[in-house]
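The values are calculated or read from the model by the stated rules, or taken from the named source; none is laboratory data. What you are looking at is a predicted structure, and each value in this text was computed from that prediction instead of being measured. Here the Cβ is made from the backbone with ideal geometry for all residues, glycine too, and neighbour counts use every protein chain on show.
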Amino acid sequence: MDALDQLLKTFFDWEAMAAVVPNMLTVGLPNTLILAVSSGVLGCILGMILAIMGTSRSTALRLLSRIYTDIFRGVPAIVIILLIGIGLGPLIRELTGSTNPFPLGILALTLMASAYIGEIFRSGIQSVEKGQLEASRALGFSYNSSMQLVVIPQGVRRVLPALVNQFISLIKDSSLIYLLGLLASQREIFRIGNDAAANTGNLSPLIAAAVMYLVLTVPLTHLVNYIDKRLRTGRPEKPQPDDAAALIGKGAQP
Amino acid sequence: MSDFASGSLTGKNLHLSFGSNHVLRGIDLHVEKGTTASVIGPSGSGKSTLLRVMNRLIEPDQGDILLDGRSVLKDNPDELRQRIGMVFQQFNLFPHKTVVDNVSLALRKLRKLPAEQARAEALEQLDLVGLKHKADARPANLSGGQQQRVAIARALAMKPEVMFFDEATSALDPELVKGVLALMADLAKGGMTMVVVTHEMGFCRNVSDTVTFMDAGVVVESGPPEQLFTNPQTERLQGFLSDVL
């Protein structure tokens, strides 16, 4: 039983977890969210630009978008974060006097995410039936207005699930920012767990970090399923006639 | 149906090739103001392409297009298309917008009408096609026939001078065809200039003023419906009519 106790102690030391949780909630969680949300929003903007370039009628724009996407999708996240975060660090320090690694970390995550998000948007835009563009052009809308009013809104709707998946990836990838060196107040969920684990020689704080990531990501995966279902069936689920009848019929609640 | 500010439309010697595929080989088509021209022919004969060339969704390689006697090839094609309404086989309503928003979109964005006025005009158009009560529904919740009537309302809302119908009833269940054809006949009676690509020989014969028979990218025969249907001159039209009637 000693070995089992040892194992439990290593992973599920409640005291070690309890010690780290307050810091994780007040410092780690906000920082993780700042990293993930800001690079998610910026990644969507850049991704939309890439998708519009990738579906444009200009060969040069399509090529440019293709090259960008191939590079930033093909290189591991950790390489991009190190190259951008450490490589551009001195330049930023000289220009702004700031040593905060967040802007460059967000930039690295954005560049990477936008390559994936661009492909997601592009596939959505290209899945919209040709007749939609044609009908819009026939009404007298220009190509650009047709894309903006008719094609892109439909394309984006179709890829919302994939987009949420990408955001889940961002939440997890934001943990790599620790490589850029964080002050105590800049640490995100993983770094706080990792530091505590290193100090105590116990892995329980990392389990706490893992749980915190799950609290963020699991609801999102269910949101994906919900959106997916809603997109497939059209409108939000209406109560089935049987459910509605039960309100007044035999099985009705008093 | 009130009268329309319709105009005449002429295609002159229109040519179009996709690569080595010569789709239109010198088409002449003239539609007098306020009349209906039906275009018939076997599939692949270039009928639908002809419509798309006449409103410059596809630019012709050669030839001229006249609206009310004036060449429109040098005009902005987007502005030309605001003057020509088009109805498609697959309806092509915008599924992410409500019925009334489908109809009012171009009024708001192209005519720059304030939202309330655009909605009021759109509701008026929907009333004309008998679907005002569906204004806030989504296209997906409408039958094919209703969708096509909304598509007609959407095109009419821009007060076009000419209306194109590209096999507007081909995708409809048989019992829904009648309502759409009746609406098209009303428009024709109301004085709209119409070009109707169709397989509905009854409509062709009873409603249209002229019939044009196309095959393999050329106009084979053209004239009043009685003449073409009772006394076809060419073997190709005789063969086509015996296949479809």
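In the stretch B:180-204, what residues are in a helix (DSSP H, G or I) and crowded, with 18+ Cβ neighbours inside 10 Å? Those that are in a helix (DSSP H, G or I) and crowded, with 18+ Cβ neighbours inside 10 Å: B:VAL180, B:LEU181, B:LEU183, B:MET184, B:LEU187, B:ALA188, B:PHE203, B:CYS204. Checking each residue in the stretch A:122-147 for being more than 8 Å from chain B (Cβ to nearest Cβ) and part of a helix (DSSP H, G or I) picks out A:ARG122, A:SER123, A:GLY124, A:ILE125, A:GLN126, A:SER127, A:LYS130, A:LEU133, A:TYR143, A:ASN144, A:SER146, A:MET147. Looking only at residues of the stretch A:133-184 that are within 30 Å of A:ASN31 (Cβ to Cβ) and among the hydroxyl-bearing types (Ser, Thr, Tyr), we find that the one that is surrounded by the fewest Cβ atoms within 10 Å (Cβ to Cβ) is A:SER169. Criterion first (away from every other protein chain (no Cβ under 14 Å) and not in a helix (DSSP H, G or I)) does A:SER175 satisfy it? No, not satisfied. Checking each residue in the stretch B:54-83 for being more than 8 Å from chain A (Cβ to nearest Cβ) and either closer than 11 Å to B:PHE164 by Cβ or part of a strand (DSSP E or B) (or both) picks out B:MET54, B:GLN62, B:GLY63, B:ASP64, B:ILE65, B:LEU66, B:LEU67, B:ARG70, B:SER71.
Is it true that A:GLN154 is at pLDDT 95 or above and either farther than 30 Å from A:VAL79 by Cα or not small (Gly, Ala, Ser) (or both)? So A:GLN154 does not fit the description; no. Annotation note: Cβ proximity below 6 Å between a residue of the stretch A:121-138 that is farther than 24 Å from B:LEU107 by Cβ and small (Gly, Ala, Ser) and a residue that is outside any helix (DSSP H, G or I) and modelled with pLDDT under 95 (sequence gap 6+ or interchain) occurs for A:GLY124/A:VAL159. For the stretch B:131-149, the condition of being more than 29 Å from B:ILE58 (Cα to Cα), touching a Gly at 6+ places or on another chain (Cβ under 8 Å) and assigned to a loop (DSSP other than H, G, I, E, B) holds for at least one residue.
Of the set (1) in contact (Cβ under 8 Å) with a residue 40 or more places away in the chain; (2) farther than 30 Å from B:VAL23 by Cα, all apply to B:LEU67 but (2). When we screen B:LEU113, B:LEU128, B:LEU123 for residues that are surrounded by 19 or more Cβ atoms within 10 Å (Cβ to Cβ) and hydrophobic (A, V, I, L, M, F, W, C), the only hit is B:LEU128. Among the residues of the stretch A:148-165, those identified as aliphatic (A, V, I, L, M) and either within 10 Å of another protein chain (Cβ to nearest Cβ) or assigned to a helix (DSSP H, G or I) (or both) are A:LEU149, A:VAL150, A:VAL151, A:ILE152, A:VAL156, A:LEU160, A:ALA162, A:LEU163, A:VAL164. Among the residues of the stretch B:140-162, just one is within 11 Å of chain A (Cβ to nearest Cβ), closer than 18 Å to B:GLN90 by Cβ, crowded, with 19+ Cβ neighbours inside 10 Å and of a type outside the set (A, V, I, L, M), namely B:ARG154. Test A:PRO153 against the criterion of being without any contact (Cβ under 8 Å) to a residue 12 or more places away in the chain and under 25 Å from the mean Cα position of the chain (by Cα), and give yes or no. Taking the combined requirement at face value, the residue satisfies it.
Checked against the criterion of being crowded, with 21+ Cβ neighbours inside 10 Å, in contact with a Lys or Arg (Cβ under 9 Å, 6 or more places away or on another chain), not hydroxyl-bearing (Ser, Thr, Tyr) and not in a helix (DSSP H, G or I), the stretch A:88-103 has no qualifying residue. Can you pull out every residue in the stretch B:166-205 that is within 14 Å of chain A (Cβ to nearest Cβ) and within 14 Å of B:VAL129 (Cβ to Cβ)? Matches in the stretch B:166-205: B:ALA168 only. Scanning the stretch B:86-138 for residues that are more than 11 Å from every other protein chain (Cβ to nearest Cβ), in contact (Cβ under 8 Å) with a residue 12 or more places away in the chain and within 21 Å of A:PRO153 (Cβ to Cβ) returns B:THR98, B:VAL99, B:VAL100, B:SER104, B:ALA118, B:ARG119, B:ALA122, B:ALA135, B:ASP136.
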